[in-house]
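Enquirer: Sharing a structure below in structure tokens format, with a few things to ask.
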């Protein structure tokens, strides 16, 4: 009988303070509040990232728009669960614990007060991070392979991967996949560079990258 996967110890035991103060929600431009409120409702809380993006309304608006139209668009060309799996793969490859933990949280059972969650288990999450897991089919696998290659080095996406993409995905799906990976690279870079503190409620999942990401 296989032993169940043990939950890694958290990387952090308490939520840190940001190196610049969070913006006051009251300073958010009124036309952006509905999108922030919808995100908070979906997640169960307002993410610390949004509290810092609010310092620059133009950056906030760009992030909200691309997130709404690519990452969280239920009418997109790619399934939402697949995009959340790809989010873990991309953020793990980038080494961004904040972003990876958020993506993991989406894939696990929904937290109290949140609308989104997919009920995956720890073994599923581990396999996405340590790169041992295979996709459910050829379609999912080529998306995994593209996300890993493009996240590590965009010039490293092979002709073989692109040939499989062309065979298995529509042009619309290919461009949504590439756009999603690019979006994750942008936010992962921002979040890691400013050492964005992980929210208290997600700290329990903060040890996954250090425990499971390949070291070589």
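Enquirer: For a quick protection proxy, order the peptides 153-165, 192-204 by their average other-Cβ count within 10 Å, most packed first.
Expert: Working: 153-165: 12.8, 192-204: 16.6.
Result, highest mean first: 192-204, 153-165.
Enquirer: If each Cα of the chain is one equal point scatterer, what is log10 of I(q)/I(0) from the Debye formula at q = 0.09, 0.15, 0.16 Å⁻¹?
Expert: Here log10 of I(q) over I(0) equals -0.35, -1.00, -1.14.
Enquirer: Could you work out Rg/(2.2 N^0.38 Å) for region 132-195, with Rg from alpha carbons only? List each step's numbers first, then the result.
Expert: On the way: Rg = 12.6 Å, N = 64, 2.2 N^0.38 = 10.7 Å.
My calculation over the Cα atoms of region 132-195 gives 1.18.
Enquirer: Let me know the shape class of region 1-45, please: from the alpha-carbon gyration tensor, a ≥ b ≥ c as square roots of the eigenvalues, rounded when a/c is under 1.5, otherwise prolate if a/b is greater than b/c, or oblate. Numbers along the way, then the final one.
Expert: Working: a/c = 6.37, a/b = 1.90, b/c = 3.35.
It comes out oblate by the Cα gyration axes.
Enquirer: While we're looking at this one, here's another question. Okay, helix-only estimate at 222 nm for the chain: each DSSP H run of n ≥ 4 adds -39500 (n - 2.57), divide by all residues, round to 500 deg cm²/dmol; what do you get?
Expert: On the way: 10 runs with 115 residues, N = 216.
So the calculated ellipticity at 222 nm is -16500 deg cm²/dmol.
Enquirer: Residue 15 to residue 168: extension gain in nm, 0.36 nm per residue of separation minus the Cα-Cα distance?
Expert: Details: separation 153, 0.36 × 153 = 55.08 nm, distance 4.27 nm.
Gain on extension, residue 15 to residue 168, equals 50.8 nm.
Enquirer: Suppose the chain between residue 58 and residue 201 were pulled fully straight at 0.36 nm per residue; how much longer would it get relative to their current alpha carbon spacing? Walk me through the numbers before you get to the answer.
Expert: Details: separation 143, 0.36 × 143 = 51.48 nm, distance 2.82 nm.
Here the answer is 48.7 nm.
Every number in this text was worked out from the coordinates using simple rules, so none of it is lab data. This one's a predicted model, so the numbers in the text were calculated from it and none came from an experiment. Note that we place each Cβ from the backbone using ideal geometry, even for glycine, and neighbour counts take in every protein chain shown.
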